[in-house]
Amino acid sequence: MHLPKVATAALATLVTAAAVAVAVTSTPASAAAGTGTGYLRTSGNKIVDSTGATVRLTGINWFGMETDNKTFHGLWSSNPWKGQIDKMASLGYNTLRVPYSNDALKPGATATGINDYVNPDLIGLTPLQILDKVVDYAGSKGMRIILDRHRPTSAGQSPLWYVSATPESTWINDWKALAQHYAGNTTVIGADLHNEPHAEGTNPNATGACWGCGDQNRDWRLAAERAGNAVLSVNPNWLIFVEGVSCPSGGLSNVWDGDPSNDEDCGWWGGNLTKAGQYPVRLNVANRLVYSPHEYATSVYHQSWFDAPDYPANMPAIWDKYWGYLYKQNIAPIMLGEFGTTMTSDVDKVWLQELMKYMGTGVNGMSFTYWSWNPNSGDTGGIANDDWTTINQAKQDILQPYLIPPVGGGSTTTPTVTPPPPGQCTVTYKETNSWQGGFQGELTVKNTGDSTISGWSATWTFPSGVTLNNGWNAVVTQSGTTWTAKGPDWSKNLAPGASVAVGFTANGPSSQPAGATCS
């Protein structure tokens with residue numbers, strides 16, 4: 001069945017490559033607990049961190065960037081943007097899913113609906129610059145960010161991943177630009193490729209998103225592979241979140257034609273992953289795929305199963321059928337990307353309680369991002385009340401036992417500076433995070449001379465036993481105890497006065513570099 005969710009529960013994204021410059025900034029330190037350490041990957045039905053520890057994402061959606069405002073809603077309130085993130089983190093939400101649209105990231109895009117008196121630090125910033133600030137601040141609290149391509153344009157949601165104003169080529173190129181923009185920033189962990197692909201047209205004349213039908217123009221599974229592999233080609237560290245469809249055929253049932261072959265069992269927009277076992281999404285980088293269905297209550301649409309005489313005992317089998325089997329059969333992790341309710345009826349309250357039980361308790365439960373923080377979601381309401389400060393305690397009380405709070409990261413280690421050759425460059429180092437068995441460092445190379453340094457590089461040594469895990473903003477290599485960072489192809493030269501922050505994670509005891517030089 002076609003589930004017509006209202007616009008407030010549907011958001012989007014695409015980024016024009018011209019609007020997105022590759023970031024060469026310091027990387028927010030990720031927490032050693034809560035959301036884990038370093039980049040995340042998958043292992044069976046688990047999400048794990050760079051040390052192999054299991055991580056459960058227990059997050060929330062904060063929308064607005066997909067709308068005409070082109071930035072987070074609630075920035076018009078009396079609660080500063082940092083105050084809202086502080087509140088989310090204190091409640092136990094360790095991840096932010098950020099819906100956005102192509103329009104928010106086009107050249108010349110302007111963010112509106114901001115209370116300048118409360119948020120003076122956002123005055124004059126582009127939507128992407130505001131997003132960068134949210135990423136930085138959320139990262140400092142140990143939170144993670146999932147970017148959600150919610151709409152091709154701010155005008156509305158689409159059944160397919162492309163519309164005339166945003167063809168597939170733009171969708172893919174913009175995702176690559178975002179992946180490059182946040183490369184090396186371990187706060188941003190992945191891409192939710194397209195929000196709620198769904199059926200359109202009546203069978204046998206389907207025109208909406210199908211799963212496994214083989215039509216290049218409509219098969220969401222094949223499109224997710226194309227986009228996911230494109231993202232991983234520029235940022236192999238990201239997770240790729242793939243939602244379901246509504247009807248695997250991509251069309252609505254024609255119950256009037258007497259042909260049962262045109263009738264099928266459908267579900268929520270983005271919520272039907274019944275074909276993913278038979279037709280899995282195939283990515284070129286192993287251990288990066290997370291399936292991300294959506295699930296809603298009667299305040300969004302009154303599905304037939306809510307009227308079953310055995311409700312809510314019937315619900316686990318329904319969830320098993322649509323998406324839970326992927327988790328229970330250890331095929332892939334589940335991250336329930338959206339679920340929510342106004343909770344004005346007992347049916348919905350029971351639904352939320354049973355859904356949380358179904359997803360499990362503790363770190364081994366399924367991951368999720370609740371819809372939503374925003375009180376202005378027309379069909380669900382929010383965790384925040386209309387003042388964007390106080391919270392809906394009835395909802396929070398149900399979610400609270402399942403939340404795993406973020407743990408703030410970051411180190412206050414005093415930077416060490418290596419004196420440079422006269423008129424050349426400086427090397428500054430600081431340790432930004434540490435955990436048992438490893439640490440994260442940042443080496444800043446600055447051109448202090450009067451001329452451009454072509455093909456810049458830096459070298460230093462670490463004690464034996466310290467090994468490189470990964471690096472960013474440079475080509476970082478290790479040979480014995482000698483480490484080298486060289487300018488990447490896209491940023492080989494360093495202009496006078498310019499600097500680059502080379503980040504890396506390492507295995508072994510926390511260490512200070514020795515003999516650091518640059519040229």
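Compute the helix-to-body angle for 127-140: its Cα long axis versus the longest principal axis of the chain, expressed 0 to 90° and rounded to tens. Between the helix axis and the principal axis of the chain, the angle is about 80 degrees.
I'd like the orientation of helix 220-234 relative to the chain: the angle between its Cα long axis and the longest Cα principal axis, in ° from 0 to 90, rounded to 10. Here the helix axis deviates by roughly 10 degrees. Spin-label model, residue 491/residue 91: points 7 Å from Cα along the beta carbon direction are separated by 3.5 nm.
Spatially, segment 127-203 and segment 83-122 are offset by 14 Å when compared through their Cα centroids. Would you please state which residues of segment 45-76 a label at residue 133 would reach in this model, taking the label point 7 Å out along Cα→Cβ and a backbone N cut-off of under 14 Å? 71-76, by backbone N distance to the label point.
If each residue of separation counts as 0.36 nm, what is the full-extension length gain between residue 428 and residue 321 once their alpha-carbon separation is subtracted?
In short, 33.1 nm is gained.
Here the contact order of segment 32-73, divided by its residue count and restricted to Cα pairs under 8 Å and six or more residues apart, works out to 26 percent. Remark: the residue 349-residue 308 segment gains 13.1 nm on full extension, using 0.36 nm per residue and subtracting the alpha carbon distance.
In segment 245-353, the convex hull through the Cα atoms has an average projected area of 8.3 nm², a quarter of its surface area. Size check on segment 41-129: the Cα extents along the three principal axes, sorted descending, read 44, 30, 19 Å. Normalised by the number of residues in the chain, the average gap of Cα pairs under 8 Å and 6 or more apart makes the relative contact order 17 percent. Peptides 426-432, 34-40, 512-518, 240-246 ranked from most to least packed, by the mean per-residue count of other Cβ atoms within 10 Å: 240-246, 34-40, 426-432, 512-518. Computed from the C-beta positions of residue 517 and residue 436, the FRET efficiency with R₀ = 41 Å rounds to 0.85. For residue 454, the solvent-accessible surface with a 1.4 Å probe is about 90 Å², rounded to the nearest 10. Label sites at residue 361 and residue 498, each approximated as a point 7 angstrom past Cα along Cα to Cβ, lie 5.5 nm apart.
Can you pull the Kirkwood radius for segment 116-227, inverse mean 1/r over Cα pairs, to one decimal in Å? Each step should come with its number before you reach the end.
On the way: mean 1/r = 0.0623 Å⁻¹.
Value: 16.1 Å, from the Cα pair sum.
When the alpha carbon gyration tensor of segment 436-515 is reduced to an equivalent ellipsoid, its three semi-axes come out at 25, 11, 11 angstrom, largest first. Rounded to the nearest 10 degrees, the angle from helix 81-91 to the longest Cα principal axis of the chain is 70 degrees.
Amide H contacts of residue 252: 200, 201, 202, 203, each under 5 Å away and 5 or more positions distant or on a separate chain (H built 1.01 Å from N in the peptide plane; Pro and chain starts excluded). Placing a label point 7 Å from the Cα of residue 451 along the Cα-to-Cβ direction, the residues of segment 477-502 whose backbone N falls under 17 Å of that point are 493-498.
Give me the percent of the accessible area of segment 182-282 that comes from carbon and sulfur atoms, probe 1.4 Å, all protein chains in place.
50 percent
Using helices alone, I'd like the mean residue ellipticity at 222 nm for the chain: each DSSP H run of four-plus residues gives -39500 (n - 2.57), total over residue count, nearest 500. It lands at -5000 deg cm²/dmol. Placing R0 at 41 angstrom, the Cβ-Cβ distance between residue 207 and residue 376 gives a FRET efficiency of 0.85 after rounding to 0.05. With a/c under 1.5 counting as rounded, go ahead and sort segment 196-313 into rounded, prolate or oblate using the C-alpha gyration tensor (a ≥ b ≥ c being the square roots of the eigenvalues; past the cut-off, prolate if a/b is larger than b/c, else oblate). It is oblate, given that a/c is not under 1.5 and a/b is not larger than b/c. Highest mean packing comes first when the peptides 209-220, 64-75 are listed by Cβ atoms within 10 Å, giving 64-75, 209-220.
The values are calculated or read from the model by the stated rules, or taken from the named source; none is laboratory data. The shown structure was predicted, so the numbers you read here are calculated from the model rather than taken from an experiment. Positions of Cβ are backbone-derived with ideal geometry, glycine not excepted, and every protein chain shown enters the neighbour counts. Surface areas here come from the heavy atoms of the whole protein model, side chains and all, with no ligands, DNA or RNA. Shrake-Rupley method; radii C 1.70, N 1.55, O 1.52, S 1.80 Å.
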